[in-house]
């Protein structure tokens, strides 16, 4: 893996960790009713999607090793361009986050 790719993957891992930290112990109602929490989580998804887009352009092999990387990039585009109302995003995002195991980020740490 290229040095720049390693840095990018680390940025992705850190942003994903922040998302899990932000939503840890929170209910869907907490998330849906907090503009601050939604904004914080969405910002980290934007960082992840932007980093994956850059990785896909500069190191496609590394990008393709990240499961569903193209969907993640597409999700970033939805967030950035406002293609979906915030409430819909909350319904899409939060249930997926609470199902992630804390060790779900480990594959990003290796390689």
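The values are calculated or read from the model by the stated rules, or taken from the named source; none is laboratory data. Nothing here was measured: the structure is a model prediction, and the numbers come from that model. FYI the Cβ positions are ideal-geometry reconstructions off the backbone, even for glycines, and counts take in every protein chain you see.
Within the range 20-44, the set of residues being within 17 Å of residue 80 (Cα to Cα) and at pLDDT below 90 comprises 35, 38, 39, 41, 42. Taking every residue in the range 28-52 that is farther than 30 Å from residue 65 by Cβ and pairing it with any residue that is part of a helix (DSSP H, G or I) and modelled with pLDDT of 90 or more, at least 6 positions away or on another chain, the pairs with Cβ-Cβ distances below 7 Å are 30/37; 37/22. Among the numbered conditions (1) on the phi > 0 side of the Ramachandran plot; (2) buried (at least 16 other Cβ atoms within 10 Å of the Cβ), the only one that residue 25 does not meet is (2).
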